[in-house]
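What follows is a single structure, written as structure tokens, with notes after it.
Taken together, the values in this text are just the output of simple stated rules run on the coordinates, not laboratory data. The model shown is predicted, which means the values in this text are computed figures rather than measured ones. Don't worry about glycine lacking a Cβ; one is built from the backbone with ideal geometry, like all the others, and counts go over all protein chains shown.
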2 protein chains.
Amino acid sequence: MSLLVQKYGGTSVGSIERIRAVARKVAAERARGHDLVVVVSAMSGETNRLIALAHEIAEHPSPRELDVLVSTGEQVTIALLAMALEEAGCPARSYTGGQIRILTDSAHNKARIEHIEVASIRADLAAGRVVVAAGFQGIDAEGNITTLGRGGSDTTGVALAAALGADECQIYTDVDGVYTTDPRVVEHAQRLDRITFEEMLEMASQGSKVLQIRAVEFAGKYQVPLRVLSSFAEGPGTLITLDDEDDMEKPLVSGIAFNRDEAKLTVLGVPDVPGVAYRILGPISDANIEVDVIVQNVAEDGTTSLTFTVHRNEMKKAQRILESLRTDLGATAIVGDDHIAKLSLVGVGMRSHAGVASRMFGTLADHGINIQMISTSEIKITVVIEEKYLELGVRALHSEFGLDGPLAGTGAPDTARA
Amino acid sequence: MSLLVQKYGGTSVGSIERIRAVARKVAAERARGHDLVVVVSAMSGETNRLIALAHEIAEHPSPRELDVLVSTGEQVTIALLAMALEEAGCPARSYTGGQIRILTDSAHNKARIEHIEVASIRADLAAGRVVVAAGFQGIDAEGNITTLGRGGSDTTGVALAAALGADECQIYTDVDGVYTTDPRVVEHAQRLDRITFEEMLEMASQGSKVLQIRAVEFAGKYQVPLRVLSSFAEGPGTLITLDDEDDMEKPLVSGIAFNRDEAKLTVLGVPDVPGVAYRILGPISDANIEVDVIVQNVAEDGTTSLTFTVHRNEMKKAQRILESLRTDLGATAIVGDDHIAKLSLVGVGMRSHAGVASRMFGTLADHGINIQMISTSEIKITVVIEEKYLELGVRALHSEFGLDGPLAGTGAPDTARA
């Protein structure tokens with residue numbers, strides 16, 4: 001008998017019929033003898049509806065009150081799922097984040113979990129009840145309701161699994177696993193049976209939206225086996241684990257991630273003196289703009305140019321900040337470009353194999369794709385290219401690194417066929 | 001500087017625009033220097049929407065989970081109102097029933113308040129903040145969410161006022177006070193400036209829906225001055241108080257209440273032996289059917305007949321129970337009638353004046369209205385008549401007892417003109 005934590009996202013509980021289907025899945029698992037803690041999100045659309053209400057009533061809604069408001073989304077779902085389970089003869093009890101005592105810091109709208117009290121959950125499990133827990137929410141030390149930020153339900157699931165020492169944390173979603181790349185772009189994309197935490201982290205941070213980054217970090221840190229699988233289809237999904245096998249046996253490249261949400265900013269012709277990067281990026285960071293890829297090059301004339309990417313929505317804001325610094329920096333020009341895309345090869349196999357980067361660059365060159373920026377880590381190579389070449393580049397690399405499978409069949413995500 | 005508890009019902013917070021209007025009212029009162037605790041209901045329609053969801057997912061929703069579900073209704077309102085107040089520059093903080101620690105018993109869906117912890121409210125008031133509290137909800141000793149049952153927000157308001165020793169508990173609603181009778185029936189109905197708790201209780205229990213009975217009982221018990229007033233119009237409303245003035249100065253009749261929600265059941269020709277009433281009404285009560293007016297008469301032939309009223313929706317059920325008892329009771333017939341109405345004169349002035357009853361019966365007789373049942377208390381006389389004579393009877397008595405005012409003007413409830 002195992003202890004499983006299952007997490008169902010907004011789409012999986014998006015209607016009464018779907019909540020009932022989740023109840024059937026949970027009851028069947030319970031009937032197999034497993035102890036179950038089920039974490040649910042708000043019904044799809046509900047969180048957005050509540051946030052829209054907040055913005056109707058206030059231009060700058062109080063962060064504390066926003067948490068009070070949006071946390072009702074999951075509270076509705078836990079009640080409905082617990083009702084459906086009880087109606088199906090499966091004893092269940094719902095808990096809000098505050099009722100479990102998922103203690104967080106006080107950073108409203110983006111709180112971090114500090115501690116979870118598991119005594120009442122253990123008592124319920126011992127009494128044969130399924131515990132239905134609200135994802136995404138907690139309380140701080142003063143009893144204020146907090147939320148973990150978008151996608152935080154994954155984190156709740158992993159944190160509960162860690163606190164309870166669960167055998168597996170299963171993240172049910174609308175895709176049936178982690179793919180070598182987005183099947184909407186590459187129809188030969190394949191579901192991965194296994195992937196390491198590190199690879200998953202790189203995939204997630206590079207735009208693969210299957211799992212929230214923080215949840216993966218958390219799972220890696222506490223060594224919680226994490227499985228991504230579909231609410232709507234049968235199948236083993238993808239298991240995300242510590243890699244205790246020999247890296248040599250791993251494929252060179254596990255997957256290709258990409259994203260079009262970024263824009264590029266270049267500061268040209270700055271005198272090359274110490275502290276330039278800080279003087280440019282400090283004010284950007286002070287304005288709460290997140291910077292992703294950064295490259296700096298020195299020119300022959302003793303000047304330097306620095307290029308970095310930010311979220312596309314923040315390009316204008318960042319550009320204004322840089323313009324205001326231009327004279328101080330002695331820069332000759334500030335150039336923004338929002339027609340770029342980021343593309344990354346990810347794989348722990350890269351650690352022990354040289355030549356992946358040059359093979360990647362060669363493939364892109366063969367297809368006439370110019371590389372604007374390069375950034376590497378131990379298990380990842382990222383390039384920034386012109387946006388219109390993105391699909392071409394992804395397909396070429398997917399094929400080059402032997403990731404192509406048979407045509408994606410029924411196992412592929414629904415969205416791939418939308 | 002006073003401490004006021006204000007309660008706004010579902011219609012008063014039924015839209016973003018109305019919540020904003022409540023925020024303006026509250027902020028204006030705060031600017032006058034008063035300390036304010038504001039209790040709100042769910043936005044109108046929201047509780048019904050949530051209950052409908054529950055019944056979609058389960059035929060018999062778990063009472064515990066139903067409370068988890070419907071309590072989100074007020075949680076949405078407190079957050080939105082607190083946001084609107086903060087946006088208007090009026091510091092505010094919202095609290096769910098659980099956060100305040102409104103401790104109740106564990107009777108889900110109809111819990112009773114046992115204790116309220118006021119420390120955090122006092123701290124907020126001392127810090128100059130408006131406290132926005134969710135009505136209708138609390139938690140039990142184990143931390144389970146409970147609700148007080150329909151209309152329970154009034155009770156929350158009164159209980160908070162009692163616990164805090166507030167100067168007044170103001171119930172804002174869609175009518176501008178308590179009227180001598182329903183202005184939809186009598187256009188000369190007048191708003192009462194004052195009414196006693198006892199009168200209000202009798203009015204409420206006889207069908208005047210302005211206030212929840214339990215809230216009035218609570219206010220009377222803890223001597224909390226209670227004021228009913230309109231969210232949508234200016235005006236002093238009606239103050240409900242202990243009557244410390246001489247009863248002699250009170251008008252004979254304060255108001256006329258009526259209701260058409262009842263049906264009458266008569267058990268005829270039962271042998272007149274001790275225990276008859278119990279043998280008839282015991283099984284009715286066991287079936288959770290509430291009985292209102294009861295009269296029993298003895299006939300000359302040694303038999304007796306007992307007549308009582310129940311909610312109209314429960315007549316058929318009660319009739320079936322009586323039919324099943326008929327042989328045991330030795331009754332000659334069971335007769336049901338759902339074309340009746342109940343009409344009551346209410347007034348503390350009756351205590352010291354004889355002849356009110358005969359004057360009432362005479363007036364009804366003058367208008368050809370037959371009285372089917374009579375029941376009296378110290379401050380109330382109730383009759384049951386044929387439903388079609390109800391309006392005629394109410395108007396005749398309203399005029400007879402000097403309650404007619406000038407034609408109801410702008411102060412009358414909106415519904416009166418609907």
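Please identify every one of the trypsin sites (Lys or Arg not before Pro) in region A:82-158 that sits in a loop by DSSP and has no more than 14 other beta carbons within 10 Å of its own beta carbon.
A:Arg150
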Query raised in the report: Counting each DSSP H run of 4 or more residues in chain B as -39500 (n - 2.57), what helix-only mean residue ellipticity at 222 nm follows after dividing by all residues, to the nearest 500 deg cm²/dmol?
Result: -10500 deg cm²/dmol
Report summary line: Honestly region B:3-173 on the Cα gyration tensor test (a ≥ b ≥ c root eigenvalues; a/c under 1.5 rounded, otherwise a/b vs b/c for prolate or oblate) is just oblate
Requested in this report: Report the net charge of residues surrounding B:Ser120, where surrounding means a beta-carbon distance below 13 angstrom and charges are Lys +1, Arg +1, Asp -1, Glu -1.
Outcome: +1
**Report entry** region B:245-418: relative contact order as a whole-number percent, Cα under 8 Å and 6+ apart
**Finding:** 29
Report summary line: In region A:1-74, the trypsin sites (Lys or Arg not before Pro) that sit in a DSSP loop and have at most 16 other Cβ atoms within 10 Å of their own Cβ are A:Arg32
Query raised in the report: Ordered by residue, what ³J(HN,Hα) values in Hz, to whole numbers, does region B:82-96 give under the Karplus form 6.51 cos²θ - 1.76 cosθ + 1.60, where θ = phi - 60° and Gly and Pro are x?
Result: 4, 4, 4, 5, 4, 4, 7, x, 10, x, 8, 8, 8, 9, 6
Query raised in the report: Relative to the first principal axis of the alpha-carbon coordinates of chain A, what is the inclination of helix A:356-366, with its axis defined by its Cα atoms, in degrees from 0 to 90 and to the nearest 10?
Result: 70
**Report entry** Net charge of Cβ neighbours under 12 Å - reference B:Ala163; Lys, Arg +1; Asp, Glu -1
**Finding:** 0
Query raised in the report: Residues with amide H under 5 Å of B:Arg227's amide H, sequence separation 5 or more or different chain, H placed in the peptide plane at 1.01 Å from N; which?
Result: B:Cys169, B:Gln170, B:Ile171, B:Ile240
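Can you tell me the dipole magnitude for the protein assembly as shown around its Cα centre, using point charges on the Cβ only (Lys, Arg +1; Asp, Glu -1), in Debye to the nearest 20?
Dipole magnitude for the protein assembly as shown comes out near 420 debye.
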Requested in this report: Go through region B:5-14 residue by residue and turn each phi into a ³J(HN,Hα) via Karplus (6.51, -1.76, 1.60, θ = phi - 60°); whole Hz please, and just put x for glycine and proline.
Outcome: 9, 10, 10, 10, x, x, 5, 5, 10, x
Query raised in the report: So for the pair A:Tyr222, B:Leu268, with labels modelled 7 Å out along Cα→Cβ, what separation do we get in nm?
Result: 7.4
Query - Mean separation of Cα contacts under 8 Å, 6 or more apart, over the residue count of chain A: relative contact order % - result: 14
Query raised in the report: Label-to-label distances across copies for B:Asp261, with labels 7 Å out along Cα→Cβ, in nm, shortest first?
Result: 5.2
Report summary line: Here FRET efficiency (C-beta to C-beta, A:Asn370 to A:Ser15, R₀ 45 Å, nearest 0.05) is 0.45
Report task. List the distances, in nm and shortest first, from the label point of B:Lys25 to the matching label points in every other copy, placing each point 7 Å from Cα along the Cα-to-Cβ direction. Result -> 4.6
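Taking loop as defined by DSSP and a crowding limit of 15 other beta carbons within 10 Å, which GluC sites (Glu not before Pro) in region A:258-301 fit?
When the GluC sites (Glu not before Pro) of region A:258-301 are filtered for loop state and at most 15 Cβ neighbours within 10 Å, A:Glu290, A:Glu300 remain.
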Report summary line: Taking the label point 7 Å from Cα along the Cα-Cβ vector, the copy-to-copy distances for B:Glu387, listed from shortest in nm with one decimal, are 6.7
Query raised in the report: With springs only between Cα atoms under 10 Å, which of A:Leu322, A:Leu242, A:Leu226 fluctuates most in a Gaussian network model of chain A?
Result: A:Leu322
Report task. Going by the rotation axis that takes chain A to chain B, pick out the residue of A with the closest C-beta and quote the gap in whole Å. Result -> A:Thr72, 2
**Report entry** Per-residue ³J(HN,Hα) for region B:268-281, Karplus 6.51 cos²θ - 1.76 cosθ + 1.60, θ = phi - 60°, Hz, x for Gly and Pro
**Finding:** 9, x, 8, x, 7, 10, x, x, 4, 4, 5, 5, 7, 8
Query raised in the report: With labels modelled as points extended 7 Å from the Cα through the Cβ direction, what inter-label distance (nm, one decimal) is found for B:Glu300 paired with A:Ala126?
Result: 7.6
Report task. Mind pulling the angle between the C-alpha long axis of helix B:16-31 and the longest principal axis of chain B? Nearest 10 degrees, somewhere in 0 to 90. Result -> 70
Report summary line: When chain A is treated as a Gaussian network with springs between alpha carbons less than 10 Å apart, the largest mean-square fluctuation among A:Met315, A:Met350, A:Met360 is found at A:Met315
Report task. For B:Lys342, list the lysines whose Cα falls under 16 Å from its own Cα; do not include residues on the same chain fewer than 8 positions away. Result -> B:Lys209, B:Lys264, B:Lys380, B:Lys388
Query raised in the report: How many Cβ atoms of partner chains, on average, are near each residue of B:94-103 if near means within 10 Å of its Cβ?
Result: 3
Report summary line: Expressed in angstrom and rounded, the centroid-to-centroid distance over alpha carbons for region A:267-325 and region B:1-66 is 49
Query - Residues whose placed amide H lies under 5 Å from that of B:Val38, excluding near-sequence neighbours - result: B:Gln6, B:Val131, B:Val132, B:Ala133
**Report entry** Overall form of region A:155-199 per C-alpha gyration tensor (a/c, 1.5; a/b vs b/c)
**Finding:** prolate
Requested in this report: Find how much the distance from A:Asn288 to A:Asn313 grows on full extension, using 0.36 nm per residue of separation minus their present alpha carbon separation; answer in nm with one decimal.
Outcome: 7.7 nm
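Once the other residues with Cβ under 15 Å from the Cβ of A:Pro271 are scored (Lys, Arg +1; Asp, Glu -1), what is the net sum?
Neighbour charge sum, excluding A:Pro271 itself: -2.
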Requested in this report: With everything on Cα atoms, drop me the angle between helix A:315-329 and the longest principal axis of chain A, reported from 0 to 90° to the nearest 10.
Outcome: 40
Report summary line: Candidates B:Gly89, B:Gly73, B:Gly349; GNM for chain B (alpha-carbon contacts under 10 Å) flags as most fluctuating B:Gly89
